[in-house]
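> One structure is given below, represented as structure tokens, and several questions about it will come after.
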Amino acid sequence: MDGMIYLDANATSPILPAASAAAQATLSANFGNPSSTHAVGLRARAMLDATRACARRVLGASDGRLLFNSGATEGIQTAVLSTLVDLKARGATGGLLLYGATEHKAVPQALAHWNAILGTGCEVRALPVDANGQHRLDILREWAPQARLVCTMAANNETGVVSDLAGIEQVLQGSRALWMVDCVQALGKLPLELSRTRIDYAPFSGHKLYAPKGIGMLYVRAGAPFTPLIAGGGQEDGQRSGTENTAGIAALGAVLDALLAGGTFHDHATLENYRDRLVDALVAALPGLVFNMPFAQALPTTLNFSVPGRSSGDIVDLFDAAGIQVSAGSACSSAKAAPSYVLEAMALPDWRAASAVRLSFGPAVDEAFIDAACARIGHCGRALAGCSVSATRDVYPHDIEPAAVLQPAQWAAFFADHPDAQLVDVRETFEHAAGAATLRGRALYSAPLSRQGEFVPAWLAEQDHALVFVCRSGKRSARAAATLRHLGRNRVYHLAGGFALAGEA
């Protein structure tokens with residue numbers, strides 16, 4: 001199962017080769033400061049201007065502000081700050097700050113933060129969604145007269161559900177509320193004509209569409225309130241100070257150029273075909289699978305599903321063992337053991353919200369990639385068939401002294417000093433079936449976490465050689481090793497970072 005099948009593009013994407021080349025050219029040759037007036041600086045300024053002009057064409061933003069920043073989180077802060085500063089200046093405190101119940105957590109957190117800092121006295125309130133993840137326009141209509149700012153998404157990052165922006169805009173006609181639309185998942189996937197809409201603020205992140213992390217954009221409608229989030233040297237025409245990230249902007253420009261030129265990114269029909277093939281593979285591999293999003297109202301590049309009797313962690317571990325990368329809901333929250341708040345807001349059954357898995361791909365993938373992904377998913381299904389799953393992932397206590405940690409860089413020296421050390425793989429049986437149980441050429445002893453009670457007596461009776469516990473990420477192995485040490489076993493270690501980092505030393 002050589003190679004990686006990366007199906008977590010909504011979390012971040014690989015860098016487009018043209019974007020990487022553009023960034024490298026800027027770092028090595030066109031490295032000037034755009035504020036400098038000599039030739040090198042002027043070339044950097046020309047690149048910024050060309051990228052901004054290209055972005056305006058892609059976004060349909062013929063007027064209004066369009067500034068480069070670090071990404072959508074910064075853009076969200078700027079939009080919220082601009083709104084609340086304007087409210088305070090006009091003495092129009094109080095009212096509602098509305099956000100869709102399925103918004104990215106950056107939105108309600110920013111609303112609460114700046115509302116408290118500025119003392120604007122507004123109420124931060126979640127706008128409910130229906131079972132399909134669509135905003136409740138009837139409730140928005142009721143609340144709109146009191147609204148100061150309405151925050152919605154163009155497309156949801158967990159489910160891919162595309163918002164009814166036209167319906168929201170119609171409801172807001174006649175309302176004085178400002179409107180921010182998180183367009184992070186829309187770029188390259190949905191048509192955008194921002195200047196033709198009522199949208200006041202639209203943040204973007206480049207790393208969701210083949211550009212590097214740390215570069216983004218914010219569109220501000222002409223006439224909408226604006227307050228710079230960062231003051232200083234006056235870069236970006238005083239809208240966002242700090243020397244511009246020219247390498248990131250050049251890379252983003254290459255992606256935007258590709259969007260305009262065509263040929264790199266697939267059309268909607270092709271992406272739907274790719275999705276349908278992945279759906280067929282998942283249904284065949286995972287009996288009882290239920291999809292948590294309406295296909296007709298979602299991006300074709302996002303699938304969200306739950307499998308009865310299998311936790312999201314089980315599926316993520318299974319897929320990762322087979323070289324497929326997916327996530328448990330949003331990457332920003334998947335590391336936390338909590339149900340998906342997005343699916344909870346859609347009032348889906350508890351078991352589906354608690355066991356949701358997100359599979360997402362970018363619009364530049366090709367047919368060979370989809371072929372490989374479907375084959376690998378089939379392999380996962382065969383590995384899972386007939387394998388038991390642990391009844392709980394909390395087999396070991398958390399409040400005991402940790403065992404010794406073995407960093408990947410210490411690997412070679414440790415095993416040179418401990419040639420008889422035994423590697424113990426605590427992954428579950430289905431993970432072994434999906435991926436070979438070897439680590440950098442060394443054989444592993446399989447002792448699934450859910451069955452380790454069977455192995456503890458032998459480990460405690462025999463203390464002659466070192467034990468090194470390992471798992472996918474290092475979390476399960478750390479707890480298993482710590483517990484065994486607590487029970488009295490000497491020379492117990494765990495491999496930090498697990499299989500994910502073991503090859504980096």
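> Using the structure shown, decide if I230 is under 14 Å from G71 (Cα atoms) and free of Cβ contacts under 8 Å to residues at least 40 places away in the same chain. I'd like the intermediate steps shown before the answer.
On the way: under 14 Å from G71 (Cα atoms): yes; free of Cβ contacts under 8 Å to residues at least 40 places away in the same chain: yes.
When the stated conditions are applied, I230 passes them.
> Could you tell me whether segment 300-318 includes any residue that is of a type in the set (A, V, I, L, M, F, W, C) and either in a loop (DSSP other than H, G, I, E, B) or surrounded by fewer than 18 Cβ atoms within 10 Å (Cβ to Cβ) (or both)?
No, that holds for no residue.
> Separate question: Show the residue pairs that are 6+ apart or on different chains and have beta-carbon atoms under 9 Å apart, the first residue being within segment 372-393 and at pLDDT below 85, the second being among the hydroxyl-bearing types (S, T, Y) and assigned to a loop (DSSP other than H, G, I, E, B).
Taking only residues 6 or more apart or on different chains, the pairs are V389/S311; S390/S311; R393/S311.
> Something else about it: Does I249 satisfy the criteria of being more than 30 Å from R382 (Cα to Cα), within 22 Å of the chain's Cα centre (by Cα) and of a type in the set (V, I, T)? Show your work before the answer.
Numbers: more than 30 Å from R382 (Cα to Cα): yes; within 22 Å of the chain's Cα centre (by Cα): yes; of a type in the set (V, I, T): yes.
It is true that I249 is more than 30 Å from R382 (Cα to Cα), within 22 Å of the chain's Cα centre (by Cα) and of a type in the set (V, I, T).
> Given the criterion more than 30 Å from F319 (Cα to Cα) and not in a loop (DSSP other than H, G, I, E, B), identify the matching residue among A61, A55.
That would be A55, the only listed residue that is more than 30 Å from F319 (Cα to Cα) and not in a loop (DSSP other than H, G, I, E, B).
> State whether one or more residues within segment 396-404 are at pLDDT 75 or above, more than 20 Å from P308 (Cα to Cα) and touching a helix residue (DSSP H, G or I) at 6+ places or on another chain (Cβ under 9 Å). Break it down into steps so the answer makes sense when it comes.
Applying the first criterion (at pLDDT 75 or above) to segment 396-404 yields 404.
From the residues that got through so far, the ones that are more than 20 Å from P308 (Cα to Cα) too are 404.
Among the residues that remain, those that are also touching a helix residue (DSSP H, G or I) at 6+ places or on another chain (Cβ under 9 Å) are: 404.
Yes, there is a match, as at least one residue in segment 396-404 is at pLDDT 75 or above, more than 20 Å from P308 (Cα to Cα) and touching a helix residue (DSSP H, G or I) at 6+ places or on another chain (Cβ under 9 Å).
The values are calculated or read from the model by the stated rules, or taken from the named source; none is laboratory data. Everything numeric here is computed off the predicted structure, so don't read it as measured data. Note: ideal-geometry Cβ built from the backbone for every residue, glycine included; neighbour counts use all protein chains shown.
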